1. Which pairs do you get when a residue that is outside any helix (DSSP H, G or I), found in the stretch 258-274, comes within reach of a residue that is open to solvent by 70 Å² or more (accessible area, probe 1.4 Å) and modelled with pLDDT of 85 or more, reach meaning Cβ atoms under 8 angstrom, with the pair 6+ apart or on two chains?
2. Quick one: which of R168, R216 is open to solvent by 50 Å² or more (accessible area, probe 1.4 Å) and charged (D, E, K, R)?
3. Evaluate the following for A177: is it assigned by TED's automatic domain parsing to the domain that holds P195 and touching a His at 6+ places or on another chain (Cβ under 8 Å)?
4. Please work out if S115 is of a type in the set (S, T, Y) and under 20 Å from Q202 (Cβ atoms).
5. Answer with yes or no whether T185 is without any contact (Cβ under 8 Å) to a residue 12 or more places away in the chain and either on the phi < 0 side of the Ramachandran plot or open to solvent by 30 Å² or more (accessible area, probe 1.4 Å) (or both).
6. Return the total of residues in the stretch 71-93 being modelled with pLDDT of 95 or more, β-branched (V, I, T) and assigned to a loop (DSSP other than H, G, I, E, B).
7. When you check F207 against the structure, is it in contact (Cβ under 8 Å) with a residue 24 or more places away in the chain, among the aromatic types (F, W, Y) and in contact with a Ser or Thr (Cβ under 8 Å, 6 or more places away or on another chain), yes or no?
Amino acid sequence: MTENGTTTADGARDAAGEALRPHAEVAFAQELAALAAADDRPRPARWRLSPWAVATYLLGGTLADGTVITPKYVGPRRLVEVAVATLATDRALLLLGVPGTAKTWVSEHLAAAVSGDSTLLVQGTAGTPEEAIRYGWNYAQLLAHGPSRDALVPGPVMRAMAEGMTARVEELTRIPADVQDTLITLLSEKTLPIPELGQEVQAVRGFNVIATANDRDRGVNDLSSALRRRFNTVVLPLPATPEEEVDIVARRVEQIGHGLHLPPAPRGMDEIRRVVTVFRELRDGGTADGRTKLKSPSGTLSTAEAISVVTSGLALAAHFGDGVLRPADLAAGLLGAVVRDPAADRVVWQEYLETVVRERDGWQDFYRACREVSG
């Protein structure tokens, strides 16, 4: 902060460094800069990177100068390529999947790589008003001077249209249907009418929208067929293999733990594998070897929840243990993730502990810790 109260560039960087969760374009600024410097492929209008470089940023790789780009998404390469190619057209992108399949994470990183700004965001809820997608008014200006462009407060989508950037709409199916349909004209005509002023805002090249939706929310506020036609839908699956899911959990826990000054995740890789195994078996309704059928609990037991359980366990190990992740650090978090319905899910969890965990070689400490918190 300077003497006149303004923030210097160094001060802004320091503030970003103190952020609990920096935006993608801040947290991975060096990687984005390295990709931009090495990127000699054609770029769509107002894109910071070429489609190839955007996909490389998401999936990871090593550049010609030796710079390592860390993977932001672990999954089928073709899905990422389809998503990026969609954004290079005039068609909006809908990322669909069960909870915990990294829809929000992918949308943020796509916006950061394409536009350099992932903050043009509309968060969908049952109370999201039409103004959140279109525009609102500064009522002091409106009462003093009447409707004018100075009194108009543009929403994130309107700003993205005017500046040729990528807007994000999270949890689209949680937004009331009449508000959802506000997007139809924006996405088909690329125009936002402002009838109060007799004007309109036309989208400039580079504008697009990334929306996310939870496919378990069908029936909450289903998309109209007219709106669904405006999107190209990419379904993000759960991790295909245990190894893939372990890798995802370990990477994200390390990133989160670094910001929280927690012990490195590799010191607890065995416990991470156990958590992933438990989640996958209960999710799939059977043990990994196919010998035992299991009842599934009511929760999703997603990869995101596994990340949360392990991160909480690391915090326990760091602050109340010796920094090494152990079964006792995970047991309570696992119980909370699995038992969402106290009546039905507790029975599922107890049966799993007694029929699977108790008999598994090398899992005795894990079994005892889970039994202790389960009561």
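The values are calculated or read from the model by the stated rules, or taken from the named source; none is laboratory data. Fair warning: this is a prediction, and the values are worked out from it, not measured in the lab. All Cβ positions, even for glycine, are placed from backbone atoms using ideal geometry, and neighbour counts span all protein chains on display. To get the accessible areas, we keep the full protein, side chains included, count just its heavy atoms, and leave off ligands, DNA and RNA. Shrake-Rupley method; radii C 1.70, N 1.55, O 1.52, S 1.80 Å.
1. Partner pairs satisfying both residue conditions: P264/E254.
2. Exactly one of R168, R216 is open to solvent by 50 Å² or more (accessible area, probe 1.4 Å) and charged (D, E, K, R), namely R216.
3. It is false that A177 is assigned by TED's automatic domain parsing to the domain that holds P195 and touching a His at 6+ places or on another chain (Cβ under 8 Å).
4. Working: of a type in the set (S, T, Y): yes; under 20 Å from Q202 (Cβ atoms): yes.
In short, yes.
5. yes
6. The number of residues fulfilling the criteria is 0.
7. Judged against the criteria, F207 is a match.
To keep it simple, each residue is scored yes or no on (1) surrounded by fewer than 16 Cβ atoms within 10 Å (Cβ to Cβ); (2) modelled with pLDDT of 95 or more; (3) assigned to a helix (DSSP H, G or I); (4) in contact with a strand residue (DSSP E or B) (Cβ under 7 Å, 6 or more places away or on another chain).
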{"residue": "G11", "(1), (2), (3), (4)": "yes, no, yes, no"}
{"residue": "V26", "(1), (2), (3), (4)": "no, yes, yes, no"}
{"residue": "A34", "(1), (2), (3), (4)": "no, yes, yes, no"}
{"residue": "R48", "(1), (2), (3), (4)": "no, yes, no, no"}
{"residue": "V54", "(1), (2), (3), (4)": "no, yes, yes, no"}
{"residue": "L58", "(1), (2), (3), (4)": "no, yes, yes, no"}
{"residue": "D65", "(1), (2), (3), (4)": "yes, no, no, no"}
